Structures are given as structure tokens and as C-alpha cells.
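Asker: Following this message is one structure expressed as C-alpha cells.
Only the coordinates and a few stated rules stand behind these numbers; no lab work does. Computed from a predicted structure; not experimentally measured. Methodologically, a virtual Cβ is constructed for each residue, glycine included, from the backbone with ideal geometry; neighbour enumeration extends over all protein chains shown.
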Amino acid sequence: MNKSRLLGKAMSLLLIVMLALTGCNKYNQESSGEGNTSENNGTNASAKPSDPNVFNFATNQDIPHLDPHGTSANTSFRVTYMLYDRLVTYDGTDTEVKPQLAEKWDISDDGLTYTFYLNKEAKFHDGTPVTAEAVKYSFTRAIDVGKSAAGQFKGVINKDSFEIVDDHTIKIKLEQPFAPFIKTLGTVFGNIVNPKLAEHHGDDLGESYIADKDMGSGPYVLESWDRGQKLVLKANEDYWGTSPTMKTVNIQIVNEPSTARLMLEKGEIDLIDDTMLSPDVMKQMEDTEGIEIVKSPGYAIDDIAINMEKEPLNNVKVRQALAYAVNYDSINKDILLDAGKRVGGIIPEGMFGYNPDVKLYDFDLEKAKALLKEAGYEKGFDLELLISENNEVRKNIAVMMQSDLKQIGINLNIKTLAWPTFLETVTSGGHQLALASWTPDYPDPDYNLWYFAHSSSKGPGFNLAYFDNKNVDQLLEEGRKTVDENRREEIYKEIQTIMNDEVPYIFPSQRLVEVAKREWVKGFEINPMNTWYVPFQKITKE
Amino acid sequence: MVRRVFLSPLTMLGLFIVVMIVILAIFAPWIAPNDPLQVNLGQKLLPPSSEHLFGTDEVGRDILSRIIFGTRISLKIGFLVVIIAFPIGTILGAIAGYAGGAVDQVIMRITDIFLSFPGIILSMSIAAALGPSIENVLLALAVTWWPWYTRIVRSSVLSIKNSEFVESARALGASPIRILIKEIIPNTIGPASIQASLDLGFVILSAAGLSFIGLGAQPPSPEWGAMLSSSREILRDAWWSATFPGIAILLTVLGFNLLGDGLRDLLDPKNR
Amino acid sequence: MDALRYIIKRILLMIPILFGISVLTFFISNTIPGDPARLAAGPHADAKIIEELQEKMGLNDPLYVQYGRYMKNLVQGDLGTSNYSHQPVMEDIKQYFPATLELTLFSMFITILIGIPLGVISASKKDKLADQFARVMALIGVAMPAFWLGIIFLLFFYLQLGILPGSGRLDTGLAPPESITGMYTIDALLTGNWAVFNSAIIHLILPGITQAAVTIGMITRMTRSSMLEVLNSDYIRTAFAKGGSQNRVLYGHALRNGMMPILTLLGMTFGHSLGGSVLVESVFSWPGLGRYAVNAITYLDFPAVMAVTILIAVLFITVNLLIDILYQVVDPRLNYD
């Protein structure tokens, strides 16, 4: 009997020690609120925030690296947009650019030459002024690196496009007129980098050097980064512009959405990445005390790309049949819980060029069946839908489609692929149907339409429908060159009408952006295009 | 001997569980109250009730029915992986043990390679390379599993290689292959078979793990690991979507383990 | 001398095995559909940019050339640069590996603390209630899906009771200690930072117990069966007959003699845990090697995949080798085979 008594004692001792170490209920009351444990089931309903100078943000997307010219990860953008400034920027809810490093600019009459006058106060974090040299360096490096940033400027500018007039004046000459140019400069790819990076180019253009450092001029500096765990931003005390309100920002990687939600309820987290929680979860959180769900219009559109190069999808009647077979109402009401609205084309509502008169396909299985019969596919056929994984909403939409399509004789197989594999497969045309989501980086209809509809974008350019229409091509090219806004609007409306008849894509929904945050977070704004953007520099906790 | 099995309550429990699962798998369409694939968005995320004993999931499907049909997938994976890996591993182990020398070395090094390869990375990579599907998970797991049998069988073979009856078969002029097939393999298959029956449960567990990270069963398949994965988001409010698939996995693996243990005790009563 | 020859032989054998593993990894990684260049170039890049990148990344060279290049660098200690993080893979590993090591060590500690005594009790009280109970618990532990257990622990200990944290290695407000080993607990102790030590231990508890649940089951069973064998031997009966106290006989003689299979299993589970903690790390947002490896495979980060695979394989083989050496040293009667 000795042994078990001893063991029992040891176990209880261990347990006591552990409990003591935890100092009971520590993780229940991170804040100064009282009496919030038992009755509230562990949530923190107190009105006083945790340290008002520290902002805790949770995301489940790991940050690969901080090189503004080399990544297309939103999770990276969120950080680099704060570490760096740009010639112009999108602030808060703006979809129009505002001056930032460039105080003002002129555009020549032929639309080819842009002259930027830089703010003389601006300086990098190491104290050196932001000069025209830096601007030239930043874009040149972007082009040299040849990755995501280069992709945005291809065909628009090249390394010889820059003329330094003086320390604070720079001329950029475009290869051809490109109406949206100024808008592209407000994106992450327009981040202006300290030319001192050139000293560390080594043999990889400084990619490994800048991967975990900041060489910017922005309102925040990189304080520390524990990979896979936490990245800390500190306010730049010597910022040349408006001083940021939030002094410290902790960006935490939390893998499980449920855990992040628990942390939010306890007040350990102030705001959760909008991509982490599905509408079902947001709905449940609406009534939780201390938590607020912010809804805001967005430019993100869900789309189903129909690969027109594959049989039987090359038959327009088949595509139209598919369009009649999607239950748009159910998607927006039951799956998205009204966090989305039906949209007729790839131009979102709210953006210039949106065509509200596009004919919409209703959910009508009878019509769908009839069209299939007309096309000669009365017996139905097998179809494969690719979705990129880790997204419950897309999975649910796919499952719903599967069930509906079965009724018109189409056997839909769903395949969830990891994003890299998904990207590879769809950009090389290996898919039949692909469900994805699209958000423009800058607010111009050319951005969406060129990538979705121009024949040169087929495949890697993201024209996943492999849509090839001479008429549309011509219209798009004209739209890029024209500076007349009215003519452009006409063009884009017409393109949407054509696309609606041809159905290269089906658009189930334009999404609202929903973000879960603590009530004590003030000053938070959602940008309809840059949904990853969190304006740390304007946020306060009260 | 049979009486001994019947006397052990734990083994009986294991047998009972496994039999129940097999029955559920075979008669699923008649036992399950609803269609496991029937989407009903108006009924989503309902808690357990008399209509839906285990509640409904995020698109309104009846969880109980899904769990019942899920037995088919789990059993299929468990059996198929073992049926593929077992013969491969056994034959290789027998050859290695009996032949000795260079053949033995080569086979064992290859075995070591697969054994030292981090399991999850191997299965993930294969599943990623071949594409996400339950069949590919099957293949990936079979590739990860065969080395274990090779090891076991080889040790068994080594211990009886020089025994009397093998010697006499050799003396009578039987060819090595004949000896392998008629004498060696039948006598060494015992310990490996026990391992195999135990492995059924672990294979199911591993398959669930792979589905959990998105590599295995594709929607709308009612595979338990995939169901657990989908439940992670709504866990807080829909505890039933995680609890029941988890219990299903637990009971299934437990059942096979208990049964396997009982078999082992049967053949080696010293360890009861 | 035999022992030394054996050890050297085993170490030499490691080389072809590691070579084989590297070939296997390389081969499989390259069959995963996906183009690292396209991934790096981003969704808006056109064909020309992607082609240029492929050239730069050396992806157009035949496979054996790419493999040769990698191995040449590897033997010089250069693990390559990660396609994903743009850092040297060695740096990445220095960050992620200690986290997994710390978690594994902690869970092994719990496993030994609970598993062995449970196994001993179970054996000594064979077929009585304690034994039955321990056996069932062990069986359940082994059958438990670790990721499910983790989720349940989170719900209960974090949400309901609020006594344990839900993610990460440290409280949000704390900075990690100065990096000596990379393991927060040890580093904090070495630098006398009690707040961090506390926080680190507390964060280890839930993931540690979750990971230990399975291994406790296995160790309990192994200890029990090993002890049963030993307890029936004449030697032990004599010890009891000579009037030794039960504890002394059990833990002194019996356990010592039955230790080998237990050690072997411990070695194997340790090696296995290093590579197999993916699911636990995922549920608890633990920034360890498992998550790093999954990420690397997903993002076609071949240098990282190769490095992690080889690292874990080396550790696994080394641990097993050490156990086997111990085996031979302790019991030279056994065959060297």
C-alpha cells in the first residue's frame, strides 16, 4: 500500500504546484474588470480595456517575410503598409488616393508623364530624408526582383522611366497611357524603400536581408519578430507625418479560429483578422458582451471560373445552364447570413464602372435542365470543382452546388487543394470549375476586368475562364488608354453585358467585410479593397 | 483457448465494438435515419434533439447519419492499408531474414529509411503529390506502414531460421523459396498478424489526422477526421459537431485495440 | 571491442540511410504539383516573369543536378535559403526546432512521471481493480485522437475555467528570454527571469498533456508487460522471499531489469514526437517544427522540407542508436545483429 499512497501524494503535490503556478483564474481576467468570471462563463464583459497603449491583433495566417517587393501575402501587407510610406496612399475607408510622400503631382496632357513633388519633411527610420533617389530605387528594385510588385507595373513602367529632377522632384514616364497609374502607386507594391538597402544586395537583391527588417519611413517600426508567434510594431516617435495613436501593436499568430475567438472574449485580443471567422461564428458572437461585429461594404467578389477550353464548358448554353443552377439567395442568406449580396459582374457595387442593369440569372433548375437539353447534354455529365482549402464558407457553397447540380444530372466532384497547388492547377488550366474570391488592389474596373477577361491574361494572368473575346479585348485596351471617364464607364458597362451573355464566370456574391472586435476599440475603419488593412495609426482603446 | 478469450471482459468489449461497427457499416443505409449527404441550409447547426440525435452540421446534414456512414470509410481505410502493407512488409521481412547477407542489408536499409522518415511528412508529401483524396491517403499510409511488419517478421524468421524443421526441410533438398513459403512464413506470421490487427485502429487514427489537415476525404464525404476539422470554427456554439466524430474515432480505435490485445493474449498467455 | 565496432558500424550505416531519405524526400517533393517560381511570383505575374524566376531559382536544371547542388551545399553545412521566408533555412530551424524540443521534452517528462508508476502499479496489482482501471485508461489514451483531446482541453481549461492559456508559448505581453538554447524555460532559468519561466511552463501544460496522453498510454502498457515478465522470474521471487520491502523490490530490482524495452519505447516515441507533433502544435498555435514542416510542404519550400526531414531523421536514428548502445552495454548477453 506504500507505493500507491506515495504516488497519490506525489500527484496531488504536482497538481497543487501547477495550480499555484497558474495563480487561479489568471487567464480569465486579463483586464482590470472585476467579478467577470463565474456568471459570464469566462468572458470578459468589463468595459475597461486592457492596456490602452497596446493593441493585440490575431491572425491565423503566418507572415512569410517583409520584403514589399517579393510577396503577395495579405498578412505581410498589413505590416509593410505600416512600416513603409508610399507616394500616395489609401487611408481608412478611402478608395481614392491621398497624398503621402508626394505632396502633389502633375500629369501631362498625353497622360504619359507624371511629375511628383515630394514632401521635404519625410525621412526614413534611420534619419535620412526620403528623396527622389529613393523613389527611383524602390521601383527599380521592384522590377529587378521580378515578383509580385513587378507584375503590377509590367508594361506600364520600366527601369528607364524615372527622371530625377532634383532631390524632391521626380518624373515618371509611362510606356503607354495607363489611366489607373496613380491608383497603383497607393498599393503595397508602391512602398518606398530606403536606398541603403542597395548596400546589402549581395547576390539576391537584398531579399534575405530585408526579409525580417524594416527599411521604411512609415508610422511604425519593427520592434521584434518571433516567427510563427508574434510580430511587434512600435510607434515611430519621430514620424514626419501625423503621430500614430497606438504605441504598440502585437500581431499574434493564433491557429485556431475558436481559440482566437475565446481570446477576444477574454479581452486578450482586441481584433481578429477578418478572414478567420465565418459568418456563422460572427452571428453567434453578435450578442456577446464586450464584442462588436463591424460590417462594411467591400469590393471582394466570389467567383466561379468556368474553364471555357474544356468540354462541355465550351458550349455557352451549358454555361448558362450552370448559371441558372446556382442558388444565389440561399448562398447569401443561409451560408453568408446576409454578409453578401448578389452581384452581376466582376465590377463591385460602389466602384466606378459598376453596371446595375446587367441581367441576372435566377435560380431556376427547370430552365437549367432545358438549356442542357438544348445543348445536347440531357443525360448530364461529370464535373469537377476546385476550391482552395481552409475556408468553410467555400466548402459549404460547393457542397450546396453539388446537391443542386445533382438534380439536373450533373455530378459535381469537389476537390480542396492547398493554395499553392490550387494556384498551380488553375493557372495552368487544369481545372473545370474553380471557386475563388477576388479583391482588387486598387479601385479601377480595369484591374478586375483586364485580369478576368483579357485574352492575354489567360492562365497565369488570372483569366481562369480562359475567356477569349476579340470585342472585349479591344474594349479593354481602349479603356486603358482613354482618360475620359465617361467613355471609360461606357466601355466597362458594355464589357459586363457581353460577359453576362457569355457566362465565363458565375458570381454568387459580393461580400460585406465583417470584423469582430472589442467594443473598446475606437477609430477602426475597414477599407473595401484592402480588407487586410488595419489602421493601427488611428486606433485608440477606450 | 477459446474459453480464455471469452473470459476476458476487455476483449469481449473490443469484439463487441468492432462487430457493432461492421454491422453499422454494412447496414448503414437501413440504420441511418437520414441521408448523410442531404443538404438543408434551413436546419443548420441544430443541437441534438429527438429528430437529430446528434444534431446537424454547418450545412444542415444529420450528424448521426454521417457518423454511421463514416464507419464505411474508416473500415475501408483501415483494412485496405493493412491488406496492402502487410503482405509487402511480411514478404520483404521473410526474404531479408532468411536470405541474410547483402540481400538482408539492402532490404533492412531501405526499411530503415522509411522508418526514420518522419511519418507525417511522408504521408503529407505523398498525399500532396498525388492530390487530395481518400484513396491517396490510403496509399500514403500504406507506404508509411509496411516497414513495421518487415522488422517484426525478420526477427521472427531469424529466430527459427536454424531450427530443426527448417533444417530437415533443407536436408530434404527443398528450394529456398519453397522453404520460405511452406515453413518460414506460416510460422512467423503470428506476431505480425497481431500487430496488424492492432494497427487497424491506428491507421484509422492516422487517416483521421490527415483528413483533419485537409488531405484526405473531400467534401461531402462523412469521414470523421474531416468532420472534426469542419467543427473547429463553430466549436464554441456547436459542441456536438466535434464531440460525436471524436467519440466515434475513439471508440473505433479502442475497439480494435482491445480486440488486438485479446488476440495477443490468446497467443501468448504469459502476458495476460 | 565488439561494442565499439558495433557502434561504429551503426554510425556508418546512418550515412546510406540519410542519403536514401534525402533522395526520397527530393523525389517526392518534386512530384507535388506546384511551381515554386509561380508561387514566389504571385498571382498577377505573367509567363515571362515566371520563366525568369524559374531560371533564377535553378528549377530548369535536370533533377539530378538540382539534387547534387543541394547535397553539395548540405555537406558543407549550408541548408539553403527558404523560398518562403527568404531566410537561411538554418535560421528558421533555429527558431522552430527548440519549441518542438521543449514541448517534446516536457511531454516525455510527464509521460515518465505518470506512465511508469502506473505501469508498475498495474503489474504489481495484476487483475485487481487498479490494474483494470489503469489498463483501460492506457488503452483510451492510445486510442485518443490527440487533436480532439486538445480541442476539448481548450474548451474546458481555457474557456470554462480560465486557468490555462489557449495559444502560444508566452503571455502576449512578455518578450522571450535571451536565446541560449531557444527553449524558453531553460533560457529563462539561466537568465533568472522568473516571470518568463512561469509563463513558459504554464503555456507548456496543455499542449504537453495533450501530447503525453498518447505516450502515457503506450509507456504504461509497455511498463506493465515488461514488469510482468520480470516479476515472474526467479530472481525477483527470491528478492521478495528474502524479505525486501515491496517498493524496493519493485522499483529497485524489477524495474531496473525490465527497463530496456521501456527505454526502447521511450526512445522511439521521443523520436516520433519530434516529427509527429503537427496536430498538437496546430491546435495550440505552438510555433514548432511540425507546423513549419507542414507549411513548407504546402508552400513548396523544398529546401525547408529537405532540411526538416533530414533533421528529424537524424535525431530519430541517433536516439535509437543511443538506446541500442545502452541496451548492449547493459546486457552484453544479447546478440549483435
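Asker: Inside 10 Å of the C-beta atoms of A:220-230, what's the mean count of C-beta atoms belonging to other chains? The partial results should precede the final answer.
Answerer: Details: counts 0, 0, 0, 1, 2, 1, 8, 10, 15, 11, 8.
The mean count of partner-chain Cβ atoms within 10 Å per residue comes to 5.
Asker: Of all DSSP beta bridges in the protein assembly as shown, what percent run antiparallel (nearest 5)?
Answerer: In the protein assembly as shown, DSSP labels about 70 percent of beta bridges as antiparallel.
Asker: Give me the distance between the Cα centres of the stretch B:162-190 and the stretch A:100-165, rounded to whole Å.
Answerer: Cα centres, the stretch B:162-190 to the stretch A:100-165: 82 Å.
Asker: In nanometres, what is the gap between the two model label sites at C:ALA3 and B:PHE27, each 7 Å from Cα along Cα-to-Cβ?
Answerer: Taking the simple label geometry, C:ALA3 and B:PHE27 are separated by 6.2 nm.
Asker: Also: Hey, any idea what the orientation-averaged projected area of the convex hull of the stretch A:406-534's Cα atoms comes to, in nm²?
Answerer: 11.5 nm²
Asker: Calculate the FRET efficiency for C:ARG69 and C:VAL314 from the Cβ-Cβ distance with a Förster distance of 25 Å, rounded to the nearest 0.05.
Answerer: According to the calculation, E is roughly 0.75.
Asker: May I pose another question? Report the full-extension gain for the segment A:GLU477 to A:GLU175: residue separation times 0.36 nm, less the Cα-Cα distance, to one decimal in nm.
Answerer: 107.3 nm
Asker: Find the centroid of the Cα atoms in the stretch C:43-60 and in the stretch C:171-193, then give the distance between the two in whole Å.
Answerer: 42 Å
Asker: Let me ask something additional. Under 1.5 on a/c is rounded, so check that first for the stretch B:1-159, then, if it is not, pick prolate when a/b is larger than b/c and oblate when it is not; a ≥ b ≥ c are the square roots of the alpha carbon gyration tensor eigenvalues.
Answerer: oblate
Asker: Provide, as a two-decimal number, the C-alpha radius of gyration of chain C over 2.2 N^0.38 Å, N being how many residues it has.
Answerer: Values: Rg = 23.8 Å, N = 337, 2.2 N^0.38 = 20.1 Å.
It is 1.18.
Asker: How large is the Kirkwood hydrodynamic radius of the stretch C:95-291, counting all unique pairs of alpha carbons, in Å?
Answerer: Every distinct Cα pair counted, the radius reaches 18.1 Å.
Asker: If you take each beta carbon of peptide B:220-233 and count the beta carbons of other chains within 10 angstrom, what is the mean?
Answerer: What the average comes to for B:220-233 is 4.
Asker: Relative contact order of chain A: what whole-number percent is it, with Cα pairs under 8 angstrom and at least 6 residues apart?
Answerer: Numbers: 1095 pairs, mean separation 103.2, N = 542.
RCO, chain A: 19 percent.
Asker: Taking the highest mean first, how do the peptides A:242-251, A:74-83 order by number of other beta carbon atoms within 10 angstrom per residue?
Answerer: Going by the mean number of other Cβ atoms within 10 Å, highest first, we get A:74-83, A:242-251.
Asker: Want the number for A:THR242 to A:GLU163: 0.36 nm per residue separation, take away the alpha-carbon distance, what's left?
Answerer: So the extension gain works out to 25.5 nm.
Asker: Calculate, for C:ASN30 and C:ARG248, the FRET efficiency according to 1/(1 + (r/R0)^6) with r their C-beta to C-beta distance and R0 51 Å; round to the nearest 0.05. Could you put the intermediate results ahead of the total?
Answerer: Details: r = 59 Å, r/R0 = 1.15.
E between C:ASN30 and C:ARG248, to the nearest 0.05, is 0.30.
Asker: Across the residues of A:330-338, average count of Cβ atoms on other protein chains within 10 Å?
Answerer: Average per residue, whole number: 2.
Asker: Given 37 °C and 0.692 mPa s, how large is the Stokes-Einstein diffusion coefficient of the stretch C:158-225 in µm²/s, with Rh as the Kirkwood radius over Cα pairs?
Answerer: Numbers: Rh = 13.5 Å.
It diffuses with D of about 242 µm²/s by this estimate.
Asker: Normalised by the number of residues in the stretch C:95-291, what is the relative contact order in percent for Cα pairs under 8 Å and 6+ residues apart? Mind dumping the intermediate values first?
Answerer: Working: 254 pairs, mean separation 69.2, N = 197.
Rounded, it is 35 percent for the stretch C:95-291.
Asker: Just the Cα atoms of the protein assembly as shown: what Rg and Dmax do they give in Å?
Answerer: 31.6, 108
Asker: Could I ask something else about it? What share of all Cα pairs of the stretch A:473-528, in percent, falls into each consecutive 5 Å distance bin?
Answerer: Each 5 Å bin holds this share of Cα pairs: 4, 13, 16, 12, 12, 13, 9, 8, 9, 4, 0.
Asker: Using only Cα atoms, figure out Rg for chain A and give it as a multiple of 2.2 N^0.38 Å.
Answerer: Normalised by 2.2 N^0.38 Å, the Cα Rg of chain A equals 1.08.
Asker: Rank C:GLN132, C:GLN95, C:GLN246 by mean-square fluctuation in a GNM of chain C with C-alpha springs under 10 angstrom and give only the top-ranked residue.
Answerer: C:GLN246
Asker: Can you give me the Rg/Rh ratio for the stretch C:169-275, using Cα atoms for both radii and the Kirkwood formula for Rh?
Answerer: When Rh is taken as the Kirkwood radius, the ratio is 1.18.
Asker: With r as the distance between the Cβ atoms of A:ASP126 and A:SER224 and R0 = 22 Å, compute the FRET efficiency 1/(1 + (r/R0)^6) and round to 0.05.
Answerer: According to the calculation, E is roughly 0.75.
Asker: Taking 24 Å as the cut-off for C-alpha to C-alpha distance, list the pairs among A:LYS295/A:LYS367; A:LYS104/A:LYS173; A:LYS213/A:LYS266; A:LYS295/A:LYS333; A:LYS98/A:LYS136 that go past it.
Answerer: Table pairs above 24 Å Cα-Cα are A:LYS295/A:LYS367; A:LYS213/A:LYS266.
Asker: Now for a separate question. Report the GluC sites (Glu not before Pro) located in the stretch A:184-258 that are in a DSSP loop and have at most 10 other Cβ atoms inside 10 Å of their Cβ, or state none.
Answerer: A:GLU237
Asker: On the first, second and third principal axes, largest extent first, how far apart are the outermost C-alpha atoms of chain B in Å?
Answerer: Here the Cα extents, ordered largest to smallest, are 76, 48, 28 Å.
Asker: Now for a separate question. Could you state the number of Å between the C-alpha centres of the stretch A:178-210 and the stretch A:446-494?
Answerer: The stretch A:446-494 and the stretch A:178-210 have Cα centres separated by 27 Å.
Asker: Which helices, taking whole DSSP H runs in chain B, have alpha carbons extending 15 angstrom or more along the helix axis plus mean Kyte-Doolittle at least 1.0?
Answerer: Long hydrophobic helices here: B:9-26, B:63-99, B:119-130, B:185-212, B:240-267.
Asker: Through the Karplus equation 6.51 cos²θ - 1.76 cosθ + 1.60, θ set to phi - 60°, convert the phi angles of the stretch A:296-307 into ³J(HN,Hα) values in whole Hz; use x for Gly and Pro.
Answerer: 8, x, x, 9, 6, 10, 7, 9, 10, 8, 9, 6
Asker: Which order do the peptides A:253-260, A:321-328, C:122-129 take when ranked by the mean count of other beta-carbon atoms within 10 Å per residue, highest first?
Answerer: A:253-260, A:321-328, C:122-129
Asker: Turning to a different aspect of this structure: Report the paramagnetic label zone for B:ILE247: residues of the stretch B:207-235 whose backbone N is under 16 Å from a point 7 Å from Cα along the Cα-to-Cβ axis.
Answerer: Once the point is set 7 Å along Cα→Cβ of B:ILE247, B:224, B:228 turn out to lie under 16 Å by backbone N, inside the stretch B:207-235.
Asker: OK, next. Taking the DSSP beta bridges in chain A as the whole, what percent of them are antiparallel, to the nearest 5? Before the final figure, lay out each step's value.
Answerer: Values: 50 of 70 bridges.
Within chain A, antiparallel bridges account for around 70 percent of the total.
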